[in-house]
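See structure below.
The values are calculated or read from the model by the stated rules, or taken from the named source; none is laboratory data. Keep in mind that this is a model prediction, so the values were computed, not measured. No Cβ is skipped: glycine too gets one built from the backbone with ideal geometry, and neighbour counts run over all protein chains shown.
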Ligand SMILES: [Zn+2]
């Protein structure tokens, strides 16, 4: 009997999802300066219980090891034989005790039904693709014209002043996007001011750094060099940002008052971010003389591009975890015709793994730059 129990191991995908989600939930507690130590210990025990279920009896980490491993690459927390994919390199809590930028979305994308845990991690109530599906179903009820208009507004105005938003959305306000006061997002304010990312326009995350200075960076675009620090010399008053990354363009602080609103995190992650890639591809293709339509037939897919004899059907995806994305794509029906899945450039190392997983499903993953190169080549050949 004993031997039988010790051989029982979860299916590898389920094991990976449980460990990733429980580790993210534990890391968020460890990194939360407002949480009492007793509550942190209780959360860690609960998360360790979830992690342990993925291990053979007697091989799970102890509480002390679990706590230490949250500061190391996630792969070290995986049971033998379970491949975490690219999230394996992720360090959830850095040396300054800060939660890594993508932890919340990674957790959402790996959510598994575990009693208790999901409630304590409020953003993880639904799997990411269910959230996406709920919003798109509501948008589709607008018909093609309204659908395209609403999608464009969620991309162009993911945050701003109520007056501006109401004017732009007009009769559709406030039905879509789950806009809420910027201050509700937490961790985006410096002395009552917030800062829109120059790439996606959503509020950037603000974290206290050493010496009374704040680090302000976009969670999705910090890897592209959109990161700042505040200059203490300008206090008090509106904090001024100094570039700390290669692509940190000028940004003005906005007051984080009740009438400054932003779309919810899932809308930003699964609509605004891919929408920015879609608009970039659309503009690139049009410059090459291609025929482009956005979200044809109520979003059967995102973009239809025709250039000479070539036709592409494209979906853009900006998930924090490319492997979770591949699993979500595998869970659905394969498309009727070939579909290009375009992902952000910084996820290039994950492309081959995604394509291995999607083999035979009429889908090819490419980076945004890779897709543009394909269009450039087709344009040269068409001349
Ligand atoms: Zn951004």
Filter result for residue 34 (more than 27 Å from residue 220 (Cα to Cα) and assigned to a loop (DSSP other than H, G, I, E, B)): no
Yes or no: the range 217-228 includes at least one residue that is more than 15 Å from the ligand (Cβ to nearest atom) and either modelled with pLDDT of 90 or more or surrounded by 20 or more Cβ atoms within 10 Å (Cβ to Cβ) (or both). no
Against the definition (away from the ligand (no atom under 16 Å from the Cβ), over 29 Å from residue 154 (Cβ atoms) and out of contact with any helix residue (DSSP H, G or I) (no Cβ under 9 Å at 6 or more places or on another chain)), how does residue 209 come out, yes or no? yes
Which pairs turn up if I take residues in the range 192-221 that are touching a residue at least 60 places away in the same chain (Cβ under 8 Å) and farther than 15 Å from residue 245 by Cβ and look for partners that are within 16 Å of the ligand (Cβ to nearest atom) and part of a helix (DSSP H, G or I) with beta carbon separation below 6 Å, at least 6 apart in sequence or on another chain? 194/182; 202/268
Can you work out which of the residues in the range 184-206 that are more than 16 Å from the ligand (Cβ to nearest atom) and surrounded by fewer than 16 Cβ atoms within 10 Å (Cβ to Cβ) is farthest from residue 154 (Cα to Cα)? 191
Would you pick out the residues in the range 230-256 that are surrounded by fewer than 18 Cβ atoms within 10 Å (Cβ to Cβ) and in contact (Cβ under 8 Å) with a residue 60 or more places away in the chain? 254, 255
May I ask you to say which residue of 159, 168 is away from the ligand (no atom under 16 Å from the Cβ), farther than 19 Å from residue 102 by Cβ, at pLDDT 95 or above and touching a helix residue (DSSP H, G or I) at 6+ places or on another chain (Cβ under 7 Å)? 168
Can you confirm whether residue 19 is in contact with a helix residue (DSSP H, G or I) (Cβ under 7 Å, 6 or more places away or on another chain), surrounded by 15 or more Cβ atoms within 10 Å (Cβ to Cβ) and not in a loop (DSSP other than H, G, I, E, B)? yes
Residues in the range 171-191 that are over 16 Å from residue 261 (Cβ atoms) and without any contact (Cβ under 8 Å) to a residue 60 or more places away in the chain: how many? 3
